[in-house]
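Worksheet: the structure to be examined is printed underneath.
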Amino acid sequence: MPHTVIFDFDGTLALGEGPLDAYVRCVDEVAGVEGFAAAAATERARLLTEPGRYRDAYHAVAVAAAGLGIDEDALQQGYLRSRDLLATEAAPIEPAPGLGEFLRRLAAHAELVLVTNAPETRIPEALEALGAAGVFTRVVCSARKPLGLAAVIEEVLPLGPVLSVGDIDEFDLAPARERGAATALVGAAAAAPAAEVTFAAERLELLYAAIEAWAADSAPLEDVPSGTSRTTGTTRS
């Protein structure tokens, strides 16, 4: 049975503060509200000092904006402007070490699918910059996760095992877990997953061997390489 590995984009494949910095600048330009950039920096800092307070840095920035009366329309305009800059010097991104080689090895054992809430704008250029061009059999943009991810999982799950990889449980993992698929949590939240996950590690490269083994059916899940954690059957809060 074919295996499918579904990846999130921002915060999973595309790393670095560049896109978020561009988002803050663009919202600041659109809204023109004094103090927004400082407020956004304050809320972004709370991601480190108050784990679990925000889903991610974009959520933190949105909260800062709301506190200053900046509406959703301004946030959306700023976000779309920032995506025009993706993977440029104005919004640089970086991959996890060895990402391209890992994805090409993985593609020998599984169908790779990218599902992101981001628009299609500059996604091809971004994948090229990450060394990931040409490895995905399917790219779904503007997915409206979690609903969009659920739809993809329901489509591919009857074909074989599915693993969903991402940094936000609510958007990237919950739809998979609810449908009996495997999950891999990356990023800061991996230190203490809020719900049951199959694999967890702060950095994606620490999960390369475990994901490849899962896709190739070459090792039981108990044999997770050093540097990763397996939390199936354990719920943490």
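Taking the stretch 173-209 on its own, how many of its residues are closer than 16 Å to Lys145 by Cβ and among the aliphatic types (A, V, I, L, M)? Total satisfying the criteria: 9. Taking the stretch 33-92 as the range and being closer than 20 Å to Gly16 by Cα and of a type in the set (S, T, N, Q) as the test, the residues that pass are Thr42, Thr49, Ser82, Thr88.
Residues of the stretch 185-194 include at least one that is modelled with pLDDT of 95 or more, closer than 19 Å to Asp10 by Cβ and touching a helix residue (DSSP H, G or I) at 6+ places or on another chain (Cβ under 9 Å). In the stretch 190-210 there is no residue that is touching a residue at least 60 places away in the same chain (Cβ under 8 Å), on the phi > 0 side of the Ramachandran plot and out of contact with any Gly (no Cβ under 7 Å at 6 or more places or on another chain).
For the stretch 70-123, the candidate set comprises residues that are within 30 Å of Gly35 (Cβ to Cβ) and among the small types (Gly, Ala, Ser); within that set, the residue that is farthest from the chain's Cα centre (by Cα) is Ala74.
Here is a yes/no grid of residues against (1) farther than 21 Å from Phe136 by Cβ; (2) small (Gly, Ala, Ser); (3) free of Cβ contacts under 8 Å to residues at least 40 places away in the same chain:
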{"residue": "Asp56", "(1), (2), (3)": "yes, no, no"}
{"residue": "Glu72", "(1), (2), (3)": "yes, no, yes"}
{"residue": "Asp84", "(1), (2), (3)": "yes, no, yes"}
{"residue": "Leu99", "(1), (2), (3)": "no, no, no"}
{"residue": "Leu114", "(1), (2), (3)": "no, no, no"}
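Restricting attention to the stretch 71-88, and to residues there that are under 19 Å from Glu120 (Cβ atoms) and part of a helix (DSSP H, G or I), which single residue is most open to solvent (accessible area, probe 1.4 Å)? Taking the candidates together, the pick is Arg81.
Are any residues in the stretch 1-54 polar (S, T, N, Q) and closer than 26 Å to Ala126 by Cα, and if so, which ones?
Of all residues in the stretch 1-54, those polar (S, T, N, Q) come to 4, 12, 42, 49.
Scanning the stretch 1-54 gives Thr4, Thr12.
The values are calculated or read from the model by the stated rules, or taken from the named source; none is laboratory data. As the structure is a prediction and not an experimental result, all values here were calculated from the model. Heads up, the Cβs are rebuilt from the backbone with ideal geometry, glycines too, and the neighbour counts pull from every protein chain shown. In case anyone asks, the SASA skips ligands and DNA or RNA and just uses the protein heavy atoms, side chains included. Shrake-Rupley method; radii C 1.70, N 1.55, O 1.52, S 1.80 Å.
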